[in-house]
1. What are the pairs, 6+ residues apart or on separate chains, where a residue within the stretch 1-27 that is closer than 19 Å to ILE111 by Cβ has its Cβ under 6 Å from a residue that is in a helix (DSSP H, G or I) and of a type in the set (Val, Ile, Thr)?
2. Can you list residue pairs whose Cβ atoms sit under 9 Å apart, with the first residue in the stretch 101-115 being over 13 Å from ILE43 (Cβ atoms) and the second being part of a strand (DSSP E or B) and basic (Lys, Arg)? Count only pairs 6 or more apart in sequence or on different chains.
3. Test of understanding: among PHE49, PHE21, which residue is under 26 Å from LEU133 (Cβ atoms), touching a Ser or Thr at 6+ places or on another chain (Cβ under 6 Å), not acidic (Asp, Glu) and not in a loop (DSSP other than H, G, I, E, B)?
4. Does the stretch 84-105 include one or more residues that are at pLDDT 95 or above, under 21 Å from MET1 (Cβ atoms) and hydroxyl-bearing (Ser, Thr, Tyr)?
5. Filter the stretch 67-81 for residues that are free of Cβ contacts under 8 Å to residues at least 12 places away in the same chain and either of a type outside the set (Ser, Thr, Tyr) or surrounded by 13 or more Cβ atoms within 10 Å (Cβ to Cβ) (or both) and give the result.
6. In this structure, does SER70 turn out to be farther than 23 Å from PRO125 by Cβ and of a type in the set (Ser, Thr, Tyr)?
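The values are calculated or read from the model by the stated rules, or taken from the named source; none is laboratory data. What you see is a predicted model, and the numbers here were worked out from it, not measured in a lab. Virtual Cβ from ideal backbone geometry, glycine too; neighbours counted across all protein chains shown.
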Amino acid sequence: MRIFLDANILVSILNKEYPLFTYSARVLSLADNTKFEIYTSPICLAIAFYFAEKKSGSASAKNKISLLVSKIKIAEADHNVVMKALQDKAVGDFEDGLEYYAALNSRCKWIVTEDINDFHFSKMPVMNARQFLEENMM
């Protein structure tokens, strides 16, 4: 099962933001399970890096991102993804549209985010980390 992690999930992991960290880290740990493939995008990584750097400094943020990308896959945000995000009239926030179409392009089945309403246009299930774990791990 392919899962796409939005930037806010990554930020909660890199900065150990409780109470979200508890659930976000458990979702990320699914990368060690062969039944799951965890994806994010370069844009989500850039956003996560920005917040990790603000909290921990550049060197620490780079180390955290390096460890993170050793465990997950990167969804492509190519020309096709950009054009779909621009052309979809239901997409209000361009960045969310990029994430959504990058997830679709990578054949993800779920988007995990703490901002579920940002993906109101999604045709795939969107859940927060806690909901995802409750629905898929019980």
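1. Close Cβ pairs (under 6 Å, with a partner that is in a helix (DSSP H, G or I) and of a type in the set (Val, Ile, Thr)) amount to ALA7/ILE47; SER24/ILE9; SER24/ILE13; ALA25/ILE13.
2. Within 9 Å, the pairs are SER106/ARG2; SER106/LYS73; ARG107/ARG2; CYS108/ARG2; LYS109/ARG2; TRP110/ARG2.
3. Of the residues listed, the single one that is under 26 Å from LEU133 (Cβ atoms), touching a Ser or Thr at 6+ places or on another chain (Cβ under 6 Å), not acidic (Asp, Glu) and not in a loop (DSSP other than H, G, I, E, B) is PHE21.
4. Scanning the stretch 84-105 turns up at least one residue that is at pLDDT 95 or above, under 21 Å from MET1 (Cβ atoms) and hydroxyl-bearing (Ser, Thr, Tyr).
5. Across the stretch 67-81, the qualifying residues are LEU67, HIS79.
6. Values: farther than 23 Å from PRO125 by Cβ: yes; of a type in the set (Ser, Thr, Tyr): yes.
When the stated conditions are applied, SER70 passes them.
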